[in-house]
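Below is one structure, written out as structure tokens; comments come after it.
The values are calculated or read from the model by the stated rules, or taken from the named source; none is laboratory data. For clarity, every value in this text was computed on a predicted model and none was experimentally measured. Every residue, glycine among them, receives a Cβ derived from its backbone with ideal geometry; neighbour counts consider all protein chains shown.
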Amino acid sequence: MKEPIVQVENVFKHYKQSQGNFSGRDAYVKAVNGVTFSLYEGESFGLVGESGSGKSTIGQVMLQLIQPTSGVVKYKGRDVSTFSRKERKAWRKDVQIVFQDPYSSLNPKKTVGWILNEPLQIHKIGDKSYRKQKIMQTLEEVGLDASYLNRYPHELSGGQRQRVAIASAIILNPELIVIDEGVSALDVSVQAQILNLLKSLQRKYHLTYLFISHDLNVVQYFCDRIAVMYLGELMEIGKTEELGTKPKHPYAEALFSSILMHNEAENRIVLEGDLPNPSNPPAGCPFHSRCIHKMDICKTTKPANQYLGGQHQVSCHLYSENQSIQNA
Ligand code: SF4
């Protein structure tokens with residue numbers, strides 16, 4: 001097994017609400033609740049779940065764009081919160097993010113050339129002529145050419161803007177890129193082009209991706225492993241073929257049934273009810289209010305993480321040692 005490039009260990013992120021609840025006590029939105037996983041060098045790791053499951057918060061905590069309430073993020077074995085100023089600046093070069101909407105992440109008042117020059121200048125990389133050559137080379141890498149240098153983001157199509165956002169992320173030769181719903185706003189044909197571009201860049205530069213998406217088809221196509229989140233917690237982690245063909249957790253099963261059983265509506269598992277309020281999550285298993293397999297223990301006791309072989313993990317009482325494995 002390769003070495004982990006990132007380890008997320010028991011991370012919590014709770015946001016205090018501006019007004020307390022009716023009892024007069026402070027209320028907290030529990031966006032992330034004790035999440036642990038590792039990312040391995042050169043892999044594409046997909047994080048999926050409904051809106052509000054905490055997946056984007058994890059990506060931001062991993063890059064320290066927001067601070068966790070508790071827990072540790074390690075990069076190449078070192079706790080990133082202990083980095084010196086100099087180390088943090090060097091680390092910032094190694095880790096980049098691509099957002100869903102490049103329209104808001106790219107400065108609308110600046111040209112493509114300026115946008116690509118900025119990270120090189122911030123990190124004091126090369127002289128003027130080196131930067132010019134690096135910008136040209138990076139533009140070519142993402143399928144654009146010199147004619148785009150003086151254009152503004154609003155003069156580009158959605159796919160071209162996303163190519164510029166990717167160029168801006170790779171120009172510093174990073175090792176890890178978080179792609180947060182990076183193709184969700186694009187047409188299907190453009191999505192495929194951008195995904196193929198990301199794959200070829202990964203092969204060429206040995207990049208590691210954390211790929212955050214609500215689109216299971218895209219995640220299945222793109223990722224080597226997938227983690228399923230629900231209400232700020234990880235329900236299941238496994239290889240794409242494991243989750244894609246036989247997910248174990250009842251929530252993952254319902255989620256994947258929507259794409260497993262094309263045109264077989266009777267086999268789809270339709271989840272009852274809505275996602276519970278993250279400021280008041282259910283006791284016990286966070287999924288119990290919607291789970292068709294729930295048992296008495298599920299209402300009171302949080303399931304421990306069970307290993308099902310290899311790196312396949314599931315958090316569900318159906319798989320704990322003292323329960324029969326009904327879904328195996
Ligand atoms: Fe369902 Fe219980 Fe498993 Fe939760 S622990 S997913 S409620 S069976």
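One table, with the values for the structure above:
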| item | result |
| --- | --- |
| Options Val270, Val228: the member that is more than 15 Å from the ligand (Cβ to nearest atom) and either among the aliphatic types (A, V, I, L, M) or modelled with pLDDT of 95 or more (or both) | Val270 |
| Any chance Lys204 is at pLDDT 95 or above, of a type in the set (Lys, Arg) and closer than 21 Å to Ile135 by Cβ | yes |
| Candidate set from the stretch 287-304 (those that are free of Cβ contacts under 8 Å to residues at least 12 places away in the same chain and either more than 8 Å from the ligand (Cβ to nearest atom) or closer than 18 Å to Gly49 by Cα (or both)); member that is surrounded by the fewest Cβ atoms within 10 Å (Cβ to Cβ) | Asp296 |
| Test: residue in the stretch 198-211 that is surrounded by 19 or more Cβ atoms within 10 Å (Cβ to Cβ), more than 22 Å from Arg92 (Cβ to Cβ) and touching a Gly at 6+ places or on another chain (Cβ under 7 Å) | no |
| Residues that are assigned to a strand (DSSP E or B), aliphatic (A, V, I, L, M) and touching a Leu at 6+ places or on another chain (Cβ under 8 Å), drawn from the stretch 220-253 | Ile226, Ala227, Val228, Met229 |
| Only listed residue being of a type in the set (A, V, I, L, M, F, W, C) and touching a residue at least 60 places away in the same chain (Cβ under 8 Å), chosen from Leu255, Leu271, Leu243 | Leu255 |
| Matching residues, the stretch 282-308, being out of contact with any helix residue (DSSP H, G or I) (no Cβ under 6 Å at 6 or more places or on another chain) and either at pLDDT below 85 or under 20 Å from Leu255 (Cα atoms) (or both) | Pro286, Ser289, Arg290, Ile292, Asn305, Leu308 |
| Residues located in the stretch 305-319, provided they are polar (S, T, N, Q) and within 8 Å of the ligand (Cβ to nearest atom) | Ser315 |
| Residue in the stretch 92-99 that is closer than 27 Å to Phe256 by Cβ, surrounded by fewer than 20 Cβ atoms within 10 Å (Cβ to Cβ) and of a type in the set (Val, Ile, Thr) present | no |
| Test set (1) in a loop (DSSP other than H, G, I, E, B); (2) in contact (Cβ under 8 Å) with a residue 12 or more places away in the chain; (3) more than 30 Å from Leu186 (Cα to Cα) - Tyr15 fails condition number | (1) |
| Positions within the stretch 175-195 being under 29 Å from Trp91 (Cβ atoms), surrounded by fewer than 22 Cβ atoms within 10 Å (Cβ to Cβ) and either of a type in the set (Gly, Ala, Ser) or without any contact (Cβ under 8 Å) to a residue 12 or more places away in the chain (or both), in sequence order | Ser184, Ala185 |
| Residues located in the stretch 231-251, provided they are within 13 Å of the ligand (Cβ to nearest atom) and out of contact with any helix residue (DSSP H, G or I) (no Cβ under 6 Å at 6 or more places or on another chain) | Leu231, Glu233, Leu234, Lys248, His249, Pro250, Tyr251 |
| Spans of strands (runs of 3 or more DSSP E) in the stretch 26-142 with at least 3 residues hydroxyl-bearing (Ser, Thr, Tyr) and under 20 Å from the mean Cα position of the chain (by Cα) | 28-40 |
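Quick grid of which residues meet (1) at pLDDT below 95; (2) among the acidic types (Asp, Glu); (3) within 21 Å of Asp224 (Cα to Cα):
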position	(1), (2), (3)
Phe22	yes, no, no
Ala27	yes, no, no
Val35	no, no, yes
Phe45	no, no, yes
Gly49	yes, no, yes
